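The values are calculated or read from the model by the stated rules, or taken from the named source; none is laboratory data. It should be emphasised that the depicted structure is a prediction, and the values quoted were computed from it without experimental measurement. Every residue, glycine among them, receives a Cβ derived from its backbone with ideal geometry; neighbour counts consider all protein chains shown.
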Amino acid sequence: MHSRWLYCSLALVWWVVSPAHGQNVKAQTPSRNGGDFSDNVQPGNKVPTGVILVKGAWASASDSVTPLPEGGNVTNSVFTNQYFGMSYALPANWAEKYKGPPPSDSGRYVLTQITPAATFKGPARGTILITAQDLFFTPLPASNAVELAGYSKDHLQADYKVEMPPTPTRIADRSFTFFAYWSPAAQLHWYVLTTDIRCHAVEIVLTSRDTKLLESLTLDLNKMKLPAEASATGGTGGDGVPVCIKNYARDENLLTRVDPIFTEHRFNPVPVRIIIDTEGKIKHIHFLSAFPDQEKIVTDALKQWRFKPYRQGGQAVEVETGLRFGSGGYRMPLAAATAPTD
Amino acid sequence: MKTAKRALGFTLAMLFLAGMALAQTDPGVQSGNRGTGAAFSSILSNSPSGILSFFTDGQKRFQDVESVSNSPSGNNGLGPRFNSNSCSSCHAQPAVGGTGAAMNPQFSFTSNGTAPKDTTPYFITATGPTLEARFPFFFNSNGTVNYNAPNGGVENLFTVSGRSDAGTCSLPQPSFNTAGNEGNIIFRIPTPVFGAGLIENLDDSTLLNNQLNNFNNNVGVGGAFNRNGNDGTITRFGWKAQNKSLHIFAGEAYNVEMGISNELFPQDRPLPGEDQLQTGLPSNCLNLSGTGYPEDTSNPASTPNSAVLDDVSAFANFMRFLAPPPTGGVVLNGQQVSSSTISAGSSLFSSIGCSVCHNPTPGTTQVSNFTSSLSKAPVNAFSDIEVHHMGTGLADNVSQGNAGGDQFRTAPLWGLGQRIFLLHDGRTTNLITAIDDHEGNGSEANTVESNFDNLTPTQQQEILDFLRSL
């Protein structure tokens, strides 16, 4: 009896002090909860569906008040976009079925895509796609909507035939460039209407096999509300918005510049759209595409930048311009984009 | 009255027949032998001299079945965790080097001695897709999903527990049932590797030129390249284009899918949680092969030349020297589809914008130092090798390199005609469903998908027929 007690005690002591044994027990019978293990089903804790929780480089802004190019939406069958000053009542029986992707790192936006609802009646369906191309960041040799339409026509792929070369027109009391092409194979027609609004070329792309539908949709666009045409004092964005100047962050305009130094994500382009106030400080930062670590580093650096206030007609005015940090973006064409959009 | 009834019946019958004629059908997996799985012509010609033996040796090793410790042929090192025990068990359809087969070998592992103590995960079925699983998020210590701790690593399905060649090693499987109940699990199917040597040999500048050429599209497509975190160059293999070379692709798969340490990934791999939460693998589950690490090394004393290579290099050579899958005829409902229909489908595919991403030829390869078939060769992959936002419908909340949870590499479509399971997780076998699933909130493909909807049923059928010819 005594010896059995002693044996058990020694065994217990050995079990407690043996690090190898303790390690094995711990490793071979891990907690059933934590890491890759769980036996705790919580109905309210399910990973939500239809939401992108783990994002790569994404769009964001320094404040939630200043309108953003991607900030439009369709409400009560009306598409509105405060940044572009656009308002478009959708044709009857058309709807936005899905939201577009986030802005690309080359400054392309899908503002909205409209398709016929289930109640649509007509010989053929169609699509209304409204996009914007930030002219600060386009890799194409185009500095405005007219040049962009010309580039499109000159670089049309072999599948398509030109129906109407880029031609000036007016839609909703505003200058547009109209360009049409079609695919003989698909019997699909594209009507592309492009205009300059606030540092961007805004494109409305109508597609269908039914040209009558396209004509009717084009006429319907006249109901759109758009900002006033560019003026001598209002740049391309109309009155009340900053002046757009490409490459404004040049040495001759900068008093203080602190370069951001990326430490974690380094090999992606980080296009940034900024608004400089009348005192030369950056009042708004819009990241078209950046990882969170890059947002913080760029924001910390840009807070220290100081520009010479930009003057127009003797008055200091706000400036909107683009900066590009990081690396690994589009290959730039040999013929660089020319004049700023001012 | 009787006449009116008869007329109504006739009308309904005609409407039914018209509906049948208009209904589009996925021609399905094409069964004919297209010659997929062969080496490039210059390899078959053994040019340069000796290279054919590297292909055949790699092809053999690709099919070897791995053991933990007592393989008479020396194929040891399996585990302690794994998804399968042979490259070709997953890369099988329609030939060695392909994607998942009709019968999933993983379904038999718990009953045939491969993983005797394990439970077959609920999502593994006899005729379903061959899968790997990932948990987008780690679990908290109380078992709830921790949204602040993204995981995304591979959760191996099986362990060596209870195998006679695995000693006392005993490991629990990850909590697949809870993960399934909590929606904290996603799946991936194997990517086929035919023609992979061509993709590997595309110069970055070629891919960048192709990107610029497709920039000016009117279908709302953007796109970006995934890039190596060390040198910033374009990466290209895997569902998120996260791997740069076939060597890395093979080394990682050998380590992650089979648990075999190698010259590129020299340690046995714990589960993501075991690694991140600092427990690691228990000591009695390490060095199970008894050889030390890495379990796969080069073999300096072996002959012939090809036998000197380590397995990973042999796998890489096999994949690199595999010719792209040839195109072939298509049979729909027992009838041969005409070549003019296939051609019309090809034109439509391009015209509606599919080819902006699924680019038929993103470029030609750089000069190859391996063999002439890899030099200045067109890469008819039907992919731009870019990653694109695919929206909430396809998003898996797993980040790899620069690719976020909703971004995927444009899947190369060559060989599509003989693939069974489609999309990254094999969720469907129906091509029409796969096309439909390209649209969703946040997807770059919405407008192209809408253009597809704008086509006539006949035109849509032509595209389906064309895709099954690839």
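Looking at A:Ile52, A:Ile114, which is the one that is outside the structural domain of A:Pro292 (by TED's automatic domain parsing) and either among the charged types (D, E, K, R) or farther than 30 Å from B:Asn181 by Cα (or both)? Spell out how you get there, then give the answer.
On the way: A:Ile52 fails: either among the charged types (D, E, K, R) or farther than 30 Å from B:Asn181 by Cα (or both).
Exactly one residue qualifies, and that residue is A:Ile114.
Can we say A:Thr138 is assigned to a loop (DSSP other than H, G, I, E, B) and within 13 Å of another protein chain (Cβ to nearest Cβ)?
On the way: assigned to a loop (DSSP other than H, G, I, E, B): yes; within 13 Å of another protein chain (Cβ to nearest Cβ): yes.
When the stated conditions are applied, A:Thr138 passes them.
Residue under question is B:Phe466, and the condition is that it be in contact with a Phe, Trp or Tyr (Cβ under 8 Å, 6 or more places away or on another chain), assigned to a strand (DSSP E or B), more than 10 Å from every other protein chain (Cβ to nearest Cβ) and over 30 Å from B:Ser49 (Cβ atoms); does it hold?
No.
Here is the figure for region A:94-135: residues that are within 8 Å of chain B (Cβ to nearest Cβ), hydrophobic (A, V, I, L, M, F, W, C) and farther than 15 Å from A:Val78 by Cα total 2. With respect to the conditions (1) more than 14 Å from chain A (Cβ to nearest Cβ); (2) free of Cβ contacts under 8 Å to residues at least 40 places away in the same chain; (3) assigned to a loop (DSSP other than H, G, I, E, B), B:Thr130 lacks only one, and its number is (2).
Out of region B:202-232, which residues are assigned to a loop (DSSP other than H, G, I, E, B), under 25 Å from B:Pro192 (Cβ atoms) and within 8 Å of chain A (Cβ to nearest Cβ)? Explain how you work it out, then say what you get.
Taking region B:202-232 first, the residues assigned to a loop (DSSP other than H, G, I, E, B) are B:202-203, B:214-223, B:225-226, B:228-232.
Still in the running and under 25 Å from B:Pro192 (Cβ atoms): B:202-203, B:214, B:221, B:223, B:225-226, B:228.
Residues satisfying the conditions are B:Gly223, B:Phe225, B:Asn228.
What strands (runs of 3 or more DSSP E) completely inside region A:259-318 contain at least 3 residues that are within 18 Å of the chain's Cα centre (by Cα), closer than 20 Å to A:Asp105 by Cα and in contact (Cβ under 8 Å) with a residue 60 or more places away in the chain? Talk me through it step by step, then tell me what you get.
Working: elements: A:269-276, A:282-290, A:310-312, A:315-317.
Ranges flagged: A:269-276, A:282-290.
Contact map, region B:366-380: first residue in contact (Cβ under 8 Å) with a residue 12 or more places away in the chain, second residue of a type in the set (Val, Ile, Thr) and part of a helix (DSSP H, G or I), Cβ cut-off under 7 Å, separation 6 or more or different chains; pairs are B:Thr371/B:Ile43; B:Thr371/B:Ile51; B:Ser373/B:Ile43; B:Val379/B:Ile199.
Residues that are more than 10 Å from chain A (Cβ to nearest Cβ) and crowded, with 22+ Cβ neighbours inside 10 Å were ranked within region B:269-293; the one that is nearest to B:Ser170 (Cα to Cα) is B:Leu288. Considering the conditions (1) of a type in the set (A, V, I, L, M); (2) part of a loop (DSSP other than H, G, I, E, B); (3) farther than 26 Å from A:Leu221 by Cα, A:Ala59 is excluded by exactly one of them, (2). Scanning region A:177-195 for residues that are among the hydroxyl-bearing types (Ser, Thr, Tyr) and over 27 Å from the mean Cα position of the chain (by Cα) gives a single hit, A:Ser183. The residues listed here are B:Ser351, B:Ser339, B:Ser347; of these, the one that is crowded, with 21+ Cβ neighbours inside 10 Å and under 19 Å from B:Phe466 (Cα atoms) is B:Ser351. For the condition modelled with pLDDT of 95 or more and assigned by TED's automatic domain parsing to the domain that holds A:Tyr109, A:Leu255 does not qualify. Per the conditions (1) closer than 30 Å to B:Ala314 by Cβ; (2) in a loop (DSSP other than H, G, I, E, B); (3) of a type outside the set (A, V, I, L, M), the sole criterion not satisfied by B:Ser373 is (2). Flag: B:Asp231 does not match the condition of being out of contact with any helix residue (DSSP H, G or I) (no Cβ under 8 Å at 6 or more places or on another chain), among the charged types (D, E, K, R), surrounded by fewer than 20 Cβ atoms within 10 Å (Cβ to Cβ) and touching a residue at least 24 places away in the same chain (Cβ under 8 Å). Taken together, the residues in region B:426-457 that are part of a helix (DSSP H, G or I), within 11 Å of chain A (Cβ to nearest Cβ) and out of contact with any strand residue (DSSP E or B) (no Cβ under 9 Å at 6 or more places or on another chain) amount to 2.
Can you pull out every residue in region B:146-189 that is closer than 30 Å to B:Asn76 by Cα and either hydroxyl-bearing (Ser, Thr, Tyr) or part of a helix (DSSP H, G or I) (or both)? B:Thr159, B:Ser161, B:Ser164, B:Thr168, B:Ser170, B:Ser175, B:Phe176, listed by residue number. When restricted to residues that are closer than 21 Å to B:Ala344 by Cβ, touching a helix residue (DSSP H, G or I) at 6+ places or on another chain (Cβ under 6 Å) and of a type in the set (Asp, Glu), region B:429-464 contains 1.
The residues of region A:43-79 that are surrounded by 15 or more Cβ atoms within 10 Å (Cβ to Cβ), away from every other protein chain (no Cβ under 13 Å) and in contact (Cβ under 8 Å) with a residue 40 or more places away in the chain, listed by number, are A:Ser60, A:Ala61, A:Ser62, A:Thr66, A:Leu68, A:Pro69, A:Gly72, A:Phe79.
Scanning for something surrounded by fewer than 18 Cβ atoms within 10 Å (Cβ to Cβ), assigned by TED's automatic domain parsing to the domain that holds A:Ala142 and within 30 Å of B:Thr341 (Cβ to Cβ), does region A:219-241 turn up at least one residue? Scanning region A:219-241, I find no residue that is surrounded by fewer than 18 Cβ atoms within 10 Å (Cβ to Cβ), assigned by TED's automatic domain parsing to the domain that holds A:Ala142 and within 30 Å of B:Thr341 (Cβ to Cβ), so the answer is no.
On the basis of being part of a loop (DSSP other than H, G, I, E, B), more than 9 Å from chain A (Cβ to nearest Cβ) and within 16 Å of the chain's Cα centre (by Cα), does B:Gly417 make the cut? No: the conditions fail for B:Gly417.
For the criterion of being within 11 Å of chain B (Cβ to nearest Cβ), within 25 Å of A:Ala92 (Cα to Cα) and surrounded by fewer than 23 Cβ atoms within 10 Å (Cβ to Cβ), A:Val192 fails.
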